[in-house]
Amino acid sequence: MDFDIQRARRDTPGAHGVAHLDNAGAALPPRQVTEAVVDHLRREAEVGGYEAAAVAADRIDGTYAAVARLLGCAQDEVALVENATRAWDMAFYALPLRPGDRILTARAEYGSNVIAFLQVAARTGAVVEVVDDDEHGQLSVADLCRRLHDGGGRVGLIAMTHVPTHGGLVNPAEEVGAVARGAGVPFLLDACQSVGQLSVDVERIGCDLLSATGRKFLRGPRGTGFLYVRRALLERLDPPFLDLHAATLTAPDRYEVRPDARRFENWESDVAARIGLGVAVDYALEWGLEAIEARVTALAETLRERLGAVDGVRVHDQGARRCGIVTFTVEGVPCEKVQQVLRERGVRTTVSRARSAQLDMPRRGLTELVRASVHYYNTEDELDRLVAALPASGALG
Ligand SMILES: *Cc1c(COP(=O)(O)O)cnc(C)c1O
């Protein structure tokens, strides 16, 4: 497979020097993204924010078009918001849930989503159920079917995180989508860690709602995110907040909510960052998500193998299908210490803690993990640098 790594690295000013293996936290943007953001900020300084936005109207529209191409949906099914959490929240809090309604989720669910489940359960009387894992540690489709068909009460939502923040597995989104469609239950996919590293198509997956962020594997600016809403569901969802952008005040005592997904947005936004997001998405599409996925997945497998060969290192990733997130521990060395030693030696990783993965890590006996997340611009040499820079097991200090 020929992936032009030299070009990818030339486009990435941050790739020289430190080995950036925190792409699941915030990836390094290509210079094209930074230039687009800075250009717009400069124009705002020259002519004011409103004039600058008017001049850039096509580029702003271009971001909706780019996200629609990325996900395989229509532009009017896309809302641009400030991060993935807000995207997910706008969808989740809009769902009509009644007392006794069941929310089915999986072990990989992101901590913020679980907090929202608990809040809404307390408010509405809905109940949260965690679907069992299968033998690979990913959502068990068989258990999901069992719960849908003979578990009692109405199922109001299936909500699943595609790729967990704290591990390399890829949940079986297409299988879950098929089951959700068959049962007529809305399916909300948190694709924050999958968009940008895997090919994610909402038709193929069959999700009704999908949230993602700009700064992770998409390599976009911080403070950007988006929500996909299937058109058939749009008018049935009442956004938790409305303003003059999401709705029109048609009389002193009446308003109409927009018919498109922008009913989940609000008026003011970071226009420069939005433009940068569009550039980041187009840049990813130029490489091709399938080519990106192949390279990222192969690099991560290589890293797992090399880590697995080191004495005292344990790799913790589960899943039959895996992606660019690699998690491990070094026996006898706290994760924070591992991260610090790696940082001092020019390798950037992060630590995942149980509080972001309460449905999963405690029951696997884990309190923390070192997370190394690769992108296509990383090299095998950088993986070797990580392995060579590890503190020896038991090296407390
Ligand atoms: C990072 C993350 C989020 C939150 O994304 P923000 O853009 O920070 O709001 C949600 N879900 C998962 C799985 C994540 O890893």
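Points to keep in mind about this one:
- Pairs with Cβ under 8 Å, 6+ apart, first in the range 90-109 and closer than 18 Å to GLY137 by Cβ and modelled with pLDDT of 95 or more, second surrounded by fewer than 24 Cβ atoms within 10 Å (Cβ to Cβ) and among the basic types (Lys, Arg): LEU104/ARG147; ARG107/ARG363
- So LEU28, is it outside any helix (DSSP H, G or I), in contact with a helix residue (DSSP H, G or I) (Cβ under 7 Å, 6 or more places away or on another chain) and away from the ligand (no atom under 16 Å from the Cβ): yes
- Check on THR161, within 16 Å of LEU188 (Cβ to Cβ) and at pLDDT 95 or above: yes
- Residue among GLY156, GLY182 that is more than 12 Å from the ligand (Cβ to nearest atom), in a helix (DSSP H, G or I), small (Gly, Ala, Ser) and at pLDDT 95 or above: GLY182
- Selected residue (only one of ASP208, ASP201 is under 17 Å from VAL176 (Cα atoms), among the charged types (D, E, K, R) and touching a helix residue (DSSP H, G or I) at 6+ places or on another chain (Cβ under 6 Å)): ASP208
- Of all residues in the range 297-328, exactly one satisfies the criterion of being in contact with a Gly (Cβ under 9 Å, 6 or more places away or on another chain), of a type in the set (Val, Ile, Thr) and part of a helix (DSSP H, G or I), namely THR297.
- Strands (runs of 3 or more DSSP E) fully within the range 215-267 counting 3 or more residues that are of a type in the set (Lys, Arg), without any contact (Cβ under 8 Å) to a residue 60 or more places away in the chain and on the phi < 0 side of the Ramachandran plot: none
- Counted residues, the range 7-23 - those being in contact with a helix residue (DSSP H, G or I) (Cβ under 9 Å, 6 or more places away or on another chain) and either of a type in the set (Phe, Trp, Tyr) or closer than 17 Å to LEU299 by Cα (or both): 7
The values are calculated or read from the model by the stated rules, or taken from the named source; none is laboratory data. All values derive from a computational prediction rather than experimental measurement. Heads up, the Cβs are rebuilt from the backbone with ideal geometry, glycines too, and the neighbour counts pull from every protein chain shown.
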